[in-house]
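Visitor: This is the structure, below, for whatever I ask next.
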Amino acid sequence: MAVPTIQAVRGMNDVLPAETPLWQALEDAARAVFAQYGYVELRVPVVEATALFVRGIGDATDIVEKEMYSFEDRLNGESLTLRPEATAGIVRAAIEHNLTYERPQRVWTAGPMFRHERPQKGRYRQFHQFDAEALGFAGPDVDAEQIALLSRLWNKLGLPGMRLEINSIGDPDERKAYRAALVAHFERHARALDDDARRRLRTNPLRILDSKNAALREVIAAAPRLLDSLEGESSQHFDALRLALADYGIAYTVNARLVRGLDYYNRTVFEWISDRLGAQGTVAGGGRYDGLFEQLGGKPTPACGFAIGIERVVLLLREAGRTSVDVPDAFVVHVGDAATKFALATAERLRDAGLAIIVNANGGSFKTQMKKADASGARWALIFGDDEAVAQRVALKPLRFPGEQIALPPDEVAAHLQTRPS
């Protein structure tokens, strides 16, 4: 009887070798841009106490109500959760380790997040994010700086067509007053609401504004706008953000219906969107969360942050024609004991020079190994046989461009591989 195969959990995907170069290109670019703006890496656990997310994200959010992977610790009965987002964990770490005691901090983290939802293009149950947080900064200049950072990242990656939407959702007292007006509006149109909107009407009515149900479009468009009722510091903060974005030369659209899906936000919220991803067009998003430190038991600390959906950026890179193959510089073909010894020593010398070298394994004839060399995608075949071992010269055969096979001493091979056309 055949042993049944085991497959990956639905919505939790393998990243295969042909795909990893796109991930690495994004990761390298993000780390470089974060460093340019003074952000340093902070690593936090994948598993946190469930209470962290219930208290931080909000118990009436879709994430907490329906999407978290939570389980009971068999040793002590504590409820634990695979992190559905990174901000709450970063703030927990900042409080626990008193990170902002001496000065504000700019930090970033990266890794997998988990949400139990229906998998679709660019949206999976295990997904990956870059997350950047500015902790202890109150002014709109940092909000604008983070948006500018993301703009620089899109340019570095060569991603066209990214558009920015911004909004302000004010402070808690302003949202409380607005909530009453919003509930009254939707109650007047109760017959038009779908089941999800009716549920949210009593728990989190602002989330109705973010509904993707086309049948609700007119009702939502007619709803009062929180942005119109902002005053004092919230209004001044938003005006200053818009001026700063103009100084950066960054175009944007004010979307008064943009609220984001997490309860901890206040004032600035923003999203970078691509029209090339269908319904799941948000590539990065974030905003200000000045009350989260207190919600989690810390001292009042202003903060602002964002997350980048790695899978979604990888999809855009692929659609933009970015290659997903790492090409080796050379494939080493070797037959005979003396030739193999010479080949291995030469391969290590070339790797010392920073070149990517694949050495044939499992033997085979020259003909068989040359087929492997061609299939590897390498630019060159380096051939080592008895004659090469005796002469202490390496035969170089171009595989991806015209040219004759030549022979060089080992100490000249690296320079030749680095200067020849790819």
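Nothing in this text is a laboratory measurement; each read-out follows from the coordinates by a stated rule. Computed from a predicted model, the values in this text were never measured in an experiment. Cβ sites come from the backbone with ideal geometry, for glycine too, and all protein chains shown count toward neighbours.
Visitor: Sort segment 372-422 into rounded, prolate or oblate with this rule: let a ≥ b ≥ c be the square roots of the eigenvalues of the Cα gyration tensor; rounded if a/c is under 1.5, and if a/c is not under 1.5, prolate when a/b is larger than b/c, oblate otherwise.
Guide: Working: a/c = 2.15, a/b = 1.38, b/c = 1.56.
Note, shape of segment 372-422 comes out oblate.
Visitor: What order, most packed first, do the peptides 300-306, 332-338 have when packing is the mean number of other Cβ atoms within 10 Å of each residue? Write out the running numbers ahead of the final one.
Guide: Working: 300-306: 21.7, 332-338: 19.1.
The packing order, highest mean first, is 300-306, 332-338.
Visitor: Right, something else. Under the Karplus relation 6.51 cos²θ - 1.76 cosθ + 1.60, θ = phi - 60°, what is the ordered set of whole-Hz ³J(HN,Hα) values for segment 335-345, x standing for Gly and Pro?
Guide: Those phi angles translate into 9, x, 5, 5, 5, 5, 4, 5, 5, 5, 5 Hz.
Visitor: If you plug each phi of segment 287-293 into the Karplus form 6.51 cos²θ - 1.76 cosθ + 1.60 with θ = phi - 60°, what whole-Hz ³J(HN,Hα) values come out, in order, with x for Gly and Pro?
Guide: x, 9, 9, 5, x, 5, 4
Visitor: Sticking with this structure for a sec: Between Leu399 and residues 5 or more places away or on another chain, which pairs have amide H atoms under 5 Å apart, with H built 1.01 Å from N, and which residues are they?
Guide: Correct list: Trp380, Ala381.
Visitor: Here is a further query. Let me spell out the model: positive unit charges on the Cβ of Lys and Arg, negative unit charges on the Cβ of Asp and Glu, origin at the Cα centre of the chain. What dipole size does that give, in debye rounded to 20?
Guide: Numbers: 52 positive and 56 negative charges, 222 e Å.
Around 1060 debye, computed over the chain.
Visitor: Relative to the longest principal axis of the C-alpha atoms of the chain, give the angle of the C-alpha long axis of helix 20-36, reported between 0 and 90° and rounded to the nearest 10°.
Guide: In the chain, helix 20-36 runs at an angle near 60 degrees to the longest axis.
Visitor: Simple spin-label model, 7 Å along Cα-to-Cβ: Leu16 to Asn213 in nm?
Guide: Result for the modelled spin labels: 3.9 nm.
Visitor: Can I ask one more? So for Lys397, Lys66, fewest C-beta neighbours within 10 Å to most, what's the order? Show your work: numbers first, answer last.
Guide: Details: Lys397 17, Lys66 10.
The most exposed by this proxy come first: Lys66, Lys397.
Visitor: Efficiency by 1/(1 + (r/R0)^6): what FRET value for Glu117 and Ala415, r their Cβ-Cβ distance, R0 = 51 Å, to the nearest 0.05? Show your work: numbers first, answer last.
Guide: On the way: r = 53 Å, r/R0 = 1.05.
With R0 = 51 Å, the Cβ-Cβ based efficiency is 0.45.
Visitor: Can I ask one more? By the gyration tensor of its Cα atoms, with a ≥ b ≥ c the square roots of the eigenvalues, what is the shape of segment 330-416: rounded for a/c under 1.5, prolate for a/b over b/c, or oblate? Numbers along the way, then the final one.
Guide: Working: a/c = 1.26, a/b = 1.02, b/c = 1.24.
It is rounded, given that a/c, with a ≥ b ≥ c, falls under 1.5.
Visitor: I've got another one for you. State whether segment 58-102 is rounded, prolate or oblate according to the following rule on the C-alpha gyration tensor (a ≥ b ≥ c being the square roots of its eigenvalues): a/c under 1.5 gives rounded; otherwise a/b larger than b/c gives prolate, and the remaining case gives oblate. The partial results should precede the final answer.
Guide: Values: a/c = 3.17, a/b = 1.46, b/c = 2.18.
Oblate, because a/c is 1.5 or more while a/b does not exceed b/c.
Visitor: Here's something else I'd like to know. Among 379-386, 156-163, how do they line up by average Cβ neighbours within 10 Å per residue, starting with the highest? Could you put the intermediate results ahead of the total?
Guide: Values: 379-386: 21.8, 156-163: 15.2.
Going by the mean number of other Cβ atoms within 10 Å, highest first, we get 379-386, 156-163.
Visitor: Once you've got the GNM for the chain with C-alpha springs shorter than 10 Å, pick whichever of Glu165, Glu72, Glu294 has the biggest mean-square fluctuation.
Guide: Glu72
Visitor: Further question: What full-extension length gain, to one decimal in nm, is calculated for Ser365 and Ala8 as 0.36 nm per residue of separation minus the Cα-Cα distance? Write out the running numbers ahead of the final one.
Guide: On the way: separation 357, 0.36 × 357 = 128.52 nm, distance 3.82 nm.
That works out to 124.7 nm of additional length.
Visitor: Got a sec? Which residues in segment 26-56 would a label at Tyr69 touch, if it sits 7 Å along Cα→Cβ and we count backbone N under 12 Å?
Guide: Label zone hits: 46-48.
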